[in-house]
Every structure is written in structure tokens, then in C-alpha cells.
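Reviewing the structure listed below.
The values are calculated or read from the model by the stated rules, or taken from the named source; none is laboratory data. Keep in mind it's a predicted model, so treat the numbers as computed, not measured. Positions of Cβ are generated from backbone atoms using ideal geometry, with glycine treated the same way; all protein chains shown enter the neighbour counts. What goes into the accessible areas is simple: the full protein's heavy atoms, side chains included, and nothing from ligands, DNA or RNA. Shrake-Rupley method; radii C 1.70, N 1.55, O 1.52, S 1.80 Å.
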Amino acid sequence: MVDVPPPRRRIEPPATVSTAVILTRGLTRTYQAGDVAVHALRGVDLRIEAGEYVAVMGPSGCGKSTLMNTLGCLDSPTGGVYELLGRDVSRLTPDELATVRNRTLGFVFQDFNLLPRTSAIENVELPLLYSSVPPAEQRPRARAALARVGLAGREASTPTQLSGGQQQRVAIARALVTEPALLLADEPTGNLDSQTSIEILALLREQHARGLTIVMVTHDDEVGAQAERLLLMRDGTVVEDRRQRPRSGAPA
Amino acid sequence: MKLWLVTIRLALRSLRRNPLRSGLTSLGVIVGVGAVISMVSLGQGARAALQEQIASVGTNMVMIFPGTTTTGGARAGWGSGKRLTVGDARAIERQIEGLHGVSYHRRDVAQVQAGGANWTTTIWGVPPGYSRVREWPVAAGEFISQTQNDTAAKVAVLGTSVAAQLFGEGVDPVGATIRIKDVPFQVIGLLTSKGQSAYGQDQDDAVFIPFTTAERKVLGTQNLGTVDMIQVSMASQNDEPWVVEQLTDLLRQRRRIQPGQDDDFGIRTMSEMAETADTMARVMSNLLLAIASISLLVGGIGIMNILLVSVTERTREIGIRMAVGAKARHILAQFLCEAVTLSAAGGIAGIAIGIGVSHVISRVSGWPTLVSPLAVVGSFLFSAAVGVFFGFYPARKASRLNPIAALRHD
Ligand SMILES: Nc1ncnc2c1ncn2[C@@H]1O[C@H](COP(=O)(O)OP(=O)(O)OP(=O)(O)O)[C@@H](O)[C@H]1O
Ligand SMILES: [Mg+2]
């Protein structure tokens, strides 16, 4: 008998020992608008721990949306490193990014981005269609997510039959339905009146209280002031990182 | 597996959302497939009918027609020239070997009476060999005998349609008396049924009497000894070229045609006619099929056009789907599935319409049609393929969108 050597076992490098949900180093994003290069991000270094609630503020055009889109894996950085939950996602293939968006992230947009002429429940179900959740579980999970944002009973309503605040609730339910580790919200109340904005912010705080990590862009100073941590951006960089209150989830 | 189920559901949902547009998009394929099915059915029907008719005449048959005359460059049709004679037929029988039989006929339309019933039909004056040459046996009684022909006996053999008209369905007419142009004839036989010819002509609507009787007592004594046509059946179809050559030589010689002069008679073999008919039918089918395929192609382009519009219109939807985790292949599958659903549904509708149309055509015009299962399956698969082919480009275009660019689209 011939001795067969045992198969060589691949030794995986240990994952970065870190509780950071987001870790970026020198993140840049340059848009090519014709002949001119627009440097929307000029080296962002960021570390956001699990359970944080971070507000991002800054003048228009300073790169807040660009940062959010990059953190949300909707866009790839031009340079730098982005580690999401200890995994370098800055060089993933489009398919791998899709999986990250589906499993790990929830995104809430200023203009809701619901599918038109599609019922609330079907909108919420959408991420599950592309997930590994068994088909039989999809409906109940979507229903539970709608209930979580206070829209039980409105499953059949289409976006045009819902108010702006309700539409944003549907969008939040859609972001939450996959139980993501991180919720990114780019001006989620930008299109809403002040009363509705308060309700939506309360809803987000409620989710945060349940342990969800949230990064949110806002133009509202008051909202920014309430956040545990505030990032101030200018010209594609974070110019100030202000911890305003102790982390609610962190040990004292 | 699951992906496809979801995708089909998505496709159906988005197509249902715009039923008028979906219907109009499919219309090209519906018309195309409908045209293919009905055209192929028509072609196949014509071919089958021709083949059946040719088989009913017998493929070993050679037919000789009196020729054409050319007067001042204008050629008249067959039969306008010098007539063929019984003598020609006899000479053929005597001098050419390897023949199964030689027959000839003269015919005319006349009224036939039996008891109170009367019926207008074709009277055929034929020699005893006719039944054998045409491979057309009797069902009851006997066919005309040599003696009966020699003595110009007043006997008749009926086709089944004539018998049914005069004596009723299923009644054996043998032994009865009929009157042809007021001359009494004794019925001695009933032929088996040969059915309709390709042109809807009932071959069983005929009465056969001895040739000599026909020329002397029924069809008139002018042109005595001449025939309308001579039919020769060969022992084997392989002999055909040889037999045709012999026949040509013999007839040219008997009719004193100088070398270099054209034949004043025509020889047609059934296999040649079958081939011609088949080629014509096939050319016809292919032509119809080509026209129908063009409309299918146009239908496919229609689908592509609508899908391209739809991709542009739904760029935001694509962006949303990608933002929540749809991969390029999900988007590709969704749009491809929409295309195939549109074209396949159009295909099914087209098949139904095509079958309906071919039934209507055969009902209204009397042309035979034959819905071929191959055409049905083929055009369904082809229409699905049209969907894949014309849907692929728009689908790929959709799947290659960048999520953030798609989301920003308005
Ligand atoms: N697709 C693009 N192509 C070219 N330049 C772009 C593109 N998207 C953004 N930019 C530019 O990048 C810079 C940052 O834009 P970004 O949308 O991130 O700003 P923002 O901070 O979100 O602004 P606002 O508060 O108005 O939403 C701006 O100068 C903008 O013009
Ligand atoms: Mg912005």
C-alpha cells in the first residue's frame, strides 16, 4: 500500500480581533466628471463599534452620501480600506457585495425608494427573495417587520396609498427584515415634516435600543445634537468626531 | 430552482401590471406563430392530399395524352392535336415488354336512371384490363370481361357513389337494370370505394361500361376507335425510363413524326407527377414558412424594443432590487424570464389561433389542412427561443447597471 500524505490543511489568517462594525483607513472616492476629478472623499478614517448610534453632518456636497453609499456597499471606494465586521469589503466582486448588502446591511434612503404599485408587504419581502430564507418563512417575517414599524394591517397598501412617514416606515421595515448588523440611513427624514420626522427618529432609536448599530446622515442640528456620537464632515474628510453622550450599550 | 420560481412570479407580476402593453408586445409573436401554424397546416394538407391522390392512381402508372398542335407559334393544350387510337394501345401491348397492363378510356357525362331514381355522372368506356391497370377491384359481382367488350354487351359496373344514389346506401346493385341515355344496361359489378381525389373530385361517382359499347351506343360514333388517354402500368417502377423510351419510339413511329420534329403526344409518369407535385407543395410550404418566419422575427424585435424601453423605465426598480441584495444574475433572469414569458405566451396563443385559422380555411375553402404536431412543438420552442434571443440584450443591459447609478436614475 502506498502511503498517501494527509491533505494539507489551509490555515486561515485569524480575522481581525475587533468589535468594530465599521473600520475604514484612508478611504477615498473620486468621481470623474468629464475632465475634472471630483474628490468626494479624501481619506476617511473611521471606527464604529457595535451598538453605536452615529449621526453624520456637514454642509451640502461635503461627501456624506458618498460615504454612506460606500459604507453601504452600493459604491466601491477609489482607495483605502473598508472592513465591515472585520472583513475587507473594498475589493469584493459585485456578486459578493450584493450578498453583503442582503445579509449584513440595511439601507434607508431619503426618498424611500419603494417599488411603485407594489404592496407594502411585497416591498418588505423584497430582500428576502434574494436571501436564503425559506420561501415559507418570508411572508411571516415581512409581516413581523411591518408590525415592528407600527404598520400592522397595512400590508396590502401600495406606496401611493401611504403617507410619506408610512412609506419611510415600510422602507425601514424592509431594511430590518433581514436582521442586519448595521443600518445606514441617508437623511431618512429629509422629505418628511417635523412631526413625522420625530416619529421616524423615535422608531430608529427604538431599533437602536434593541441593539442595532445605526449610522445616519442628517441636516437637522437638533437631531445631530441628540446622537451619542456626531461626525462632522467637510470637503470629503471627517473634521470632527464628537462623542456627546456615553454609549448606551457600553459598560459604564 | 427557487430562484426560477421567484423569477417567474416576478415576471408574471410585472407583465400583469401592464396587460395592454404585454398583449401588444406579444401580438407580433402571436401573429407570427399563428401564421406559421396555419401556413404549415395548409401546405402539409395539400401535400398529403396530393400524395394520397397519386397513390390512389398508382405509382407504376404511365399516362399518354394526345398532343398539342402548334399553329402560328401558339401552342394549344393537351388533346388539341391528333387523337390516340385503340390501335396505339394494342401496339403498345403487343410490342413493349415488361408491362403489367395497358388500358385506355373514353368518357362523357350522362344521366343514369334506375327505377324512379336518376343521377348525372361520368360514363367511362373502358377495356377489361382497366380494373387491373388502375388497381381498382370490384367489391361485388365482376368487372367487364373480354367477351362483353368484344360483343359490345350492355353491361355496367358502378362506382359506390352512383350505386348509393340510384339504389340506396349499402344495397347490392348487381343484377339490377339501369338506363344510360335511355339504353338499358345490366349491372354486373360494384367497385370498391376509391374516395376523393386531391381536388375534391369523387372518383366513385362513375359508371364503367365496355369500351366498344360506349363508342357505339352511348358516346356517339364520331371518332370511332379513338381514345381520350392511354394508361400503361409497369410491372416495376424501375422499368420507367426504359418503358418511357420505348413508348416514345413506338408512338413517334406510328404517328410518323420526322426526326427533329416535336412529339405530338405527351407521356406523364405518376412518379414524375408525384415528384413534381411534392416539390411544388414543398416549395409552397417553405415559401409560406419563410413569410411566417419573418413575422415571427418582427415579433421578436417588438419584444426586444419593449424590453429595452422597460429596462430604461425601470432602472430605479433595478437599483432598488440591487440595493437590497439582488445579484446581476437575478436581474438578468428576471428580464429574460419576462421576455420568454411574453414570447411563450404569444406562442401558445399563436398556436391556438393558427389551429383555429387552418380549420376555418379548410371549412370555408374546402382545402385540406393538416395540423402537424412538429410545427406546433417547433413554433412553440422557436417563440421561446425568440424570447431568449431578443430578451438577452436588454436583460444583460439591466443586469450590468451599477446599483447607485440605477438608484439615482429618474
Ligand atoms: N455621480 C457623481 N459624479 C460626479 N460627482 C459626484 C457624483 N456624486 C456626487 N458627486 C460629487 O461629490 C461630492 C459629494 O457629493 P455627496 O452627494 O456625497 O454630498 P452630500 O454631502 O451628500 O451632499 P447633500 O447634503 O447635498 O446630500 C459633490 O461635490 C458632488 O457633486
Ligand atoms: Mg447627500
Just one of (1) modelled with pLDDT of 90 or more; (2) farther than 22 Å from B:Phe185 by Cα; (3) crowded, with 18+ Cβ neighbours inside 10 Å trips up B:Gly101, so point out which. (1)
Tell me whether segment A:149-162 contains one or more residues that are open to solvent by 60 Å² or more (accessible area, probe 1.4 Å), free of Cβ contacts under 8 Å to residues at least 60 places away in the same chain and within 30 Å of A:Ser60 (Cα to Cα). yes
Scan segment B:234-267 for residues that are within 31 Å of the chain's Cα centre (by Cα), of a type in the set (D, E, K, R) and open to solvent by 80 Å² or more (accessible area, probe 1.4 Å) and jot them down. B:Glu245
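From the residues in segment A:95-111 that are in a strand (DSSP E or B) and either small (Gly, Ala, Ser) or within 16 Å of ligand 2 (Cβ to nearest atom) (or both), which one is most open to solvent (accessible area, probe 1.4 Å)? It would help to see each step written out before you state the result.
Looking only at segment A:95-111, we keep the residues that are in a strand (DSSP E or B), and these are A:105-108.
If we keep only those that are either small (Gly, Ala, Ser) or within 16 Å of ligand 2 (Cβ to nearest atom) (or both) too, we end up with A:106-108.
Numbers: A:Gly106: 2, A:Phe107: 23, A:Val108: 1 Å².
Step by step, filter segment A:95-111, then rank; the result is A:Phe107.
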Please determine whether any residue of segment B:90-98 is more than 27 Å from the chain's Cα centre (by Cα), assigned to a helix (DSSP H, G or I) and either at pLDDT below 85 or buried (at least 19 other Cβ atoms within 10 Å of the Cβ) (or both). yes
Is it the case that segment A:220-242 has a residue that's basic (Lys, Arg), within 16 Å of ligand 1 (Cβ to nearest atom) and surrounded by fewer than 18 Cβ atoms within 10 Å (Cβ to Cβ)? yes
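Can you say whether B:Pro403 is crowded, with 21+ Cβ neighbours inside 10 Å, of a type outside the set (Asp, Glu), more than 18 Å from B:Ile348 (Cα to Cα) and within 16 Å of ligand 1 (Cβ to nearest atom), as far as the supplied structure shows? Walk me through how you get there before you give the answer.
Values: crowded, with 21+ Cβ neighbours inside 10 Å: yes; of a type outside the set (Asp, Glu): yes; more than 18 Å from B:Ile348 (Cα to Cα): yes; within 16 Å of ligand 1 (Cβ to nearest atom): yes.
Criteria met by B:Pro403.
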Only listed residue being within 14 Å of chain B (Cβ to nearest Cβ) and either of a type outside the set (A, V, I, L, M, F, W, C) or crowded, with 22+ Cβ neighbours inside 10 Å (or both), chosen from A:Leu71, A:Leu92: A:Leu71
Over segment A:30-53, the set of residues over 28 Å from B:Arg400 (Cα atoms) and within 16 Å of ligand 2 (Cβ to nearest atom) is A:Val44
Find the strands (runs of 3 or more DSSP E) located wholly in segment B:111-159 whose residues include 2 or more that are open to solvent by 60 Å² or more (accessible area, probe 1.4 Å), and list them. B:117-126
Qualifying residue in segment A:131-150 (condition: touching a His at 6+ places or on another chain (Cβ under 9 Å) and facing another protein chain (nearest Cβ under 8 Å)): no
